[in-house]
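Engineer: A single structure is presented below for examination.
The values are calculated or read from the model by the stated rules, or taken from the named source; none is laboratory data. Not measured: the values here are computed from a predicted model. Please note: Cβ atoms are built from the backbone with ideal geometry, for glycine as well, and neighbour counts cover all protein chains shown. All accessible areas refer to the heavy atoms of the entire protein, side chains included, with ligands and DNA or RNA removed. Shrake-Rupley method; radii C 1.70, N 1.55, O 1.52, S 1.80 Å.
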Amino acid sequence: MRDTKERLSLLWIFALFNYLYADVVALFAIAGSRNSFKPLPQLALLGSAVLMEIPIAMILVSRLLPFRANRLANIIAGGIMTLVNGYLTFVAPLTTSLGRPPAYPEYLFFGTIETVCTLVIIWQAWTWSGVAASS
């Protein structure tokens, strides 16, 4: 895999599958629990949709944009996803007093993989040299 565009796109696919499967596992945990829960407000659902659209869009963006815009988009999108995921996985469960349990081990597992993946995306984009870029 010589092409950085291809590599970045593949990393976004990997991150997206991890985000999605972590959510599926979380839904199984919620459905299997006997605890009642409140549905999320519409604004929170919209925020989740916008947040998940970032890695979905980055799969295409990584392949279609020219070097400079591509590099910048990957750094910004990777930074946003790293900060949000890092906060939701590692900081919020320890600092909020919403009566929620700490993050489940499987969610910490996925969160660690997702965070490492987006850090690799940032690193790949940051160190990407436009010399070998054809477009």
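Engineer: Taking Val131, is it in a helix (DSSP H, G or I), over 20 Å from Lys5 (Cα atoms) and at pLDDT below 85?
Structural biologist: In short, no.
Engineer: Right, next: Within segment 53-69, track down each residue that is open to solvent by less than 40 Å² (accessible area, probe 1.4 Å) and in contact with an Asp or Glu (Cβ under 9 Å, 6 or more places away or on another chain).
Structural biologist: Ser62
Engineer: It is to be established whether one or more residues within segment 97-114 are assigned to a helix (DSSP H, G or I), out of contact with any Gly (no Cβ under 7 Å at 6 or more places or on another chain), at pLDDT below 95 and of a type in the set (Gly, Ala, Ser).
Structural biologist: Looking through segment 97-114, at least one residue is assigned to a helix (DSSP H, G or I), out of contact with any Gly (no Cβ under 7 Å at 6 or more places or on another chain), at pLDDT below 95 and of a type in the set (Gly, Ala, Ser).
Engineer: Starting from segment 13-39, take each residue that is under 16 Å from Phe109 (Cα atoms) and list its partners that are open to solvent by 90 Å² or more (accessible area, probe 1.4 Å), counting only C-beta distances under 9 angstrom and pairs at least six apart or across chains.
Structural biologist: Ala22/Phe109; Val25/Tyr104; Ala26/Tyr104; Ala29/Tyr104
Engineer: If you don't mind, another one. Which condition number does Lys5 fail, the rest of (1) touching a Ser or Thr at 6+ places or on another chain (Cβ under 7 Å); (2) outside any helix (DSSP H, G or I); (3) of a type in the set (Lys, Arg) being met?
Structural biologist: (2)
Engineer: Now for a separate question. Just give me the residues in segment 15-41 being part of a helix (DSSP H, G or I) and open to solvent by 100 Å² or more (accessible area, probe 1.4 Å), in sequence order.
Structural biologist: Phe17, Tyr21, Leu27, Phe28
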